[in-house]
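Below: the structure, in structure tokens.
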Amino acid sequence: MTRQDDGGSAPVGEYATRLVVGVGGRAGVSVAEVCALVEETLRGAGLAADAVTALATVEPKTKEAGIAGAAKRFGVPLLGYPAEKLAGIPVPHPSDAARDAAGTASVAEAAALAGGGELLVPKRRSVAATCAVATAQGHDLRHHGDAEVRDADGELVDLAVNVRAHTPPEWLKQRIAASLGDLAAYPDGRAARAAVAERHGLPAGRVLLTAGAAEAFVLIARALGAVRPVVVHPQFTEPEAALRDAGHRVERVVLRAADGFRLDPAAVPEEADLVVVGNPTNPTSVLHPAATLAALARPGRILVVDEAFMDAVPGEREALAGRTDVPGLVVLRSLTKTWGLAGLRIGYVLAEPEVIAKLAAAQPLWPVSTPALVAAQACMTPEALAEAEAVARQVAVDRAHLLAGLAEFEEVSVSGVAEGPFVLIRVPGAEQVRSRLRALGFAVRRGDTFPGLDASWLRLAVRDRPTTGRLLQALDHALALTAR
């Protein structure tokens, strides 16, 4: 896994990510020194030199023979940017010396980022040269699976959105419908809050109800005063988007497919005061051990664990919800996935009372509607929890069937052990495969909008066996057409 500063993204080593290398150097720096530094930096990050599409620097440095010669040796263009443009680009490692000499706080990092990409490897130095590596373009953090079916008018089998099919169940619809007679009164969340607290064995002061997990990410970004936030990727992109919108510079820790997307706590910088990780993680479907996540806790650090899909894991093993022994722990839960309530917007936060108070102070008045509160209370009953557990066990069976079918295709690979209600696959020509599946009536989720993944990845929601059977037939056809 690799650490990335200032929103650095992109896969490490194993993907065909296009790269831009920002370079700087003292007057008279040699071609050999620049090339050696760039090659060592790429090799150390597991990146291929042939993925480099350009070298970039501040305009005056394009006349340096060592830098121009390095671009020629790599066989790529040398991009020069005005100092004033680079000066306006935030960099993770600013230098007063660089600002005085070149007009920008970091020639290498700013030049690498100037094309609109995201930093992958922060500044590295040799005696007379500097370099940094960025992706050639950024990820669309605001793209979500619903975009795949938004204009389909029900004509596509939806495997792009992770909401359980054929939901909400009838009993829940009836409970929600019965609440409509109370819409004249302002929402009162006390009963729902108490129900959530009881479900997790917590006092009500440790619970905050939210308009889905997405609102919780916004509250965390705006209310907790993080100085060095870190997001573990690939994962749901809204946490990072919310942090960026709140003005934070986000550092990424990117997990590798070659490692099964497993997390090593040591990869998270010790200085991080806010860490966000999903469990099980969207889109990888990997379930991290609770002990691994708890090892991320530190005094003065907020540890945010997104457990939006934990109720789809039988027994909710590895859950941290309900734990009070992990300092700074913030657990997010969503009721929209298992119960089919994405349009109602209901979720909750579990945290220390001091954190809950800060988040609540950032909420508008009456943030959760009466129907959503009724739904939350209904989903906390023993009967509802038993139903959710039965659903989780069926999802595990259906997922095994999907994985067995996918294993029949030599072109398809699955990295990591899938434990959620979706599966992440890698397939050559994935963009064409996705398009052909769409023509055959199936919508699947593209993977390249997730930091750490590229266009060779697709995410498939787990569905029932008949639907999976039809999908596998369509996939066989799509792969055959793509191979022509």
> What order, most packed first, do the peptides 51-64, 226-239 have when packing is the mean number of other Cβ atoms within 10 Å of each residue?
Replying inline: 226-239, 51-64
> Each label point is 7 Å from the Cα along the Cα-to-Cβ direction; what then is the distance between the points at Leu365 and Asp464, in nm?
Replying inline: 4.6 nm
> Per 10 Å bin from zero, what fraction in whole % of the C-alpha pairs of the stretch 174-249 is there, up to the bin with the longest pair?
Replying inline: 16, 32, 30, 18, 3
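Report the antiparallel proportion of the DSSP beta bridges in the chain as a percent, rounded to a multiple of 5. Display every interim value, and only then the final one.
Details: 33 of 60 bridges.
Here the antiparallel bridges make up roughly 55 percent for the chain.
Can you tell me the length gained on complete extension of the stretch Leu481 to Thr324, counting 0.36 nm per residue apart and subtracting the Cα distance?
Details: separation 157, 0.36 × 157 = 56.52 nm, distance 5.36 nm.
Taking 0.36 nm per residue and subtracting the Cα distance, the gain is 51.2 nm.
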>> Taking 41 Å as R0, compute the FRET efficiency from the Cβ-Cβ separation of Asp100 and Arg73 and round it to 0.05.
In response: 0.85
> Roughly speaking, what % of Cα-Cα pairs in the chain are separated by over 36 Å, rounded to a whole number?
Replying inline: 35 percent
> With each label point set 7 Å from Cα along the Cα-Cβ vector, what nm distance links Ala455 and Ala204?
Replying inline: 5.4 nm
>> Under a crude label model (7 Å from the Cα following the beta-carbon direction), how far is Ala184 from Glu431 in nanometres?
In response: 5.7 nm
> When we measure straight from the Cα of Lys61, which lysines land under 18 angstrom away, once same-chain ones fewer than 8 places off are left out?
Replying inline: Lys72, Lys85, Lys123
>> Name the residue from Gly115, Thr167, Gly278 whose Cα lies farthest towards the positive end of the charge dipole of the chain, charges +1 on Cβ of Lys and Arg and -1 on Cβ of Asp and Glu.
In response: Gly115
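With r as the distance between the Cβ atoms of Phe409 and Ala32 and R0 = 35 Å, compute the FRET efficiency 1/(1 + (r/R0)^6) and round to 0.05.
Details: r = 47 Å, r/R0 = 1.33.
FRET efficiency, Ala32 to Phe409: 0.15.
For a quick protection proxy, order the peptides 123-135, 179-191 by their average other-Cβ count within 10 Å, most packed first.
Working: 123-135: 22.8, 179-191: 12.3.
Peptide ranking by packing, descending: 123-135, 179-191.
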> Using modelled backbone amide H atoms (1.01 Å from N, in-plane), which distant-in-sequence or interchain residues come within less than 5 Å of Arg262's amide H?
Replying inline: Arg256
>> Could you tell me the center-to-center distance, by alpha carbons, between the stretch 411-483 and the stretch 170-197 in angstrom?
In response: 38 Å
> For the stretch 367-467, which whole percent of the accessible surface, found with a 1.4 angstrom probe, sits on carbon and sulfur atoms?
Replying inline: 53 percent
>> Probe radius 1.4 Å, ligands and nucleic acids left out: which of Asp273, Asp464, Asp50 has the largest accessible area, and how do the rest follow?
In response: Asp50, Asp464, Asp273
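What number comes out for accessible area per residue over the stretch 348-406 if the probe is 1.4 Å? Units Å², please. Present the calculation step by step, with values, prior to reporting the outcome.
Numbers: 2510 Å² over 59 residues.
Roughly 43 Å² per residue, with all protein chains present.
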> Could you give the dipole magnitude of the chain about its Cα centre, charging the beta-carbon of Lys and Arg +1 and that of Asp and Glu -1, in debye to the nearest 20?
Replying inline: 380 debye
> From the backbone phi of the stretch 458-472, what are the Karplus-calculated ³J(HN,Hα) couplings (6.51 cos²θ - 1.76 cosθ + 1.60, θ = phi - 60°) in whole Hz, Gly and Pro given as x?
Replying inline: 9, 10, 10, 6, 7, 10, 5, 4, x, 5, 4, x, 5, 4, 4
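Find the relative contact order for the stretch 296-431 and round it to a whole percent, using C-alpha pairs within less than 8 Å whose residues are 6+ positions apart. It would help to have the intermediate numbers written out before the result.
Numbers: 153 pairs, mean separation 31.3, N = 136.
Computed value for the stretch 296-431: 23 percent relative contact order.
The values are calculated or read from the model by the stated rules, or taken from the named source; none is laboratory data. Computed from a prediction, not measured in an experiment: that's the story for all the values here. All Cβ positions, glycine included, derive from the backbone under ideal geometry; neighbour counts span all protein chains shown. Quick note on the areas: whole protein, heavy atoms, side chains included, nothing else; ligands and nucleic acids left out. Shrake-Rupley method; radii C 1.70, N 1.55, O 1.52, S 1.80 Å.
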